[in-house]
Amino acid sequence: MNDTEADIPIGDGDELLVLDRVAHTATYYLREPRSHEVVAHPLLAPAAAVISHWRGAIALHAGAFVSGGKAWLVLGDRGFGKSTLLAELSLAGTPVLADDLIVVEGGDAHMGPGSIDLREPHRPGLPLVDLGEIATRRRLRLPAGEAPARAPLGGVLQLGWSDPGEAPTLEPVPPADRAPAIADARSLSLPLSDPFALLDLAALPAYTFRRPKDLAAIDGATAFLQDALK
């Protein structure tokens, strides 16, 4: 990859995405045709990450939702319930901008594909579309509701679990821990065109959202978060 071209292996490494910054093209070399659902996600994610980098924006492996007119980034490694939380927020009427990759530029978070991919186990009765196995994992897709094309950044949530039966909490993240968490969530580990961009994100309000790892408690945790961030 350089400042004008990028060749990105995708899938199992035997498929290729070729990006040309000058020609404004993204060309996929695939073994077989793919549905538009698969193209929307995950195939467009690496293209969005690289093109965002070329524009001077930041692509994060994170979700985002809108509360009080502001976008809140959601950081969480696999197993911390990021997609489950975003799905519940969406079903409760909160606009969800992205589930897996969010682009931040000029103080705004930009909307992603408009869907949320869940893993099992999940709460029963959700209106999921089973897309089968894509990119080494089975994808159970929930269409997200309407959301703005972009929203000004409001803050950052890091996800954590609490003990069974405990009430959900929002704990301020110490300032020294904010920039490292955001840096770890970057989709590309390339030098930023704006070295202060991460510091701008780290200056946002940041909280650790803890709730029980219990699907039966998800409604209460979702309502708590919605109320806290009004």
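Key figures
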| item | result |
| --- | --- |
| 12 Å beta-carbon shell around Asp214, net charge (K/R +1, D/E -1) | 0 |
| Selected from Arg119, Arg78, Arg210 as most flexible by GNM, with the chain as the system and alpha-carbon contacts under 10 Å | Arg78 |
| With Cα atoms, 0 to 90° folded angle of helix 218-228 axis to the chain main axis | 90 degrees |
| The chain: most fluctuating residue of Val129, Val74, Val96 per GNM, C-alpha cutoff 10 Å | Val129 |
| Rounded to 10°, Cα long-axis angle of helix 82-91 versus longest principal axis of the chain | 70 degrees |
| Theoretical ellipticity at 222 nm over the chain - DSSP helices of four or more residues, -39500 (n - 2.57) apiece, nearest 500 | -6000 deg cm²/dmol |
| Volume in Å³ per residue [convex hull over Cα atoms, computed for the chain] | 124 Å³ |
| Where GluC sites (Glu not before Pro) fall in DSSP loop in the range 126-217, at most 15 other Cβ within 10 Å | Glu146, Glu166 |
| The chain, dipole about Cα centre (Lys/Arg Cβ +1, Asp/Glu Cβ -1), debye to the nearest 20 | 360 debye |
| Max mean-square fluctuation residue, GNM over the chain, Cα-Cα springs under 10 Å, options Gly160, Gly81, Gly93 | Gly93 |
| Selection from Ile51, Thr25, Leu140 lying farthest towards where the dipole of the chain points positive, charges on Cβ | Leu140 |
| Alpha-carbon centroid distance for the pair the range 94-157 / the range 169-230, whole angstrom | 16 Å |
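All of the numbers you see were taken from the coordinates with simple rules; none came from a lab. Keep in mind the model is a prediction, meaning the values are calculated, not measured. FYI the Cβ positions are ideal-geometry reconstructions off the backbone, even for glycines, and counts take in every protein chain you see.
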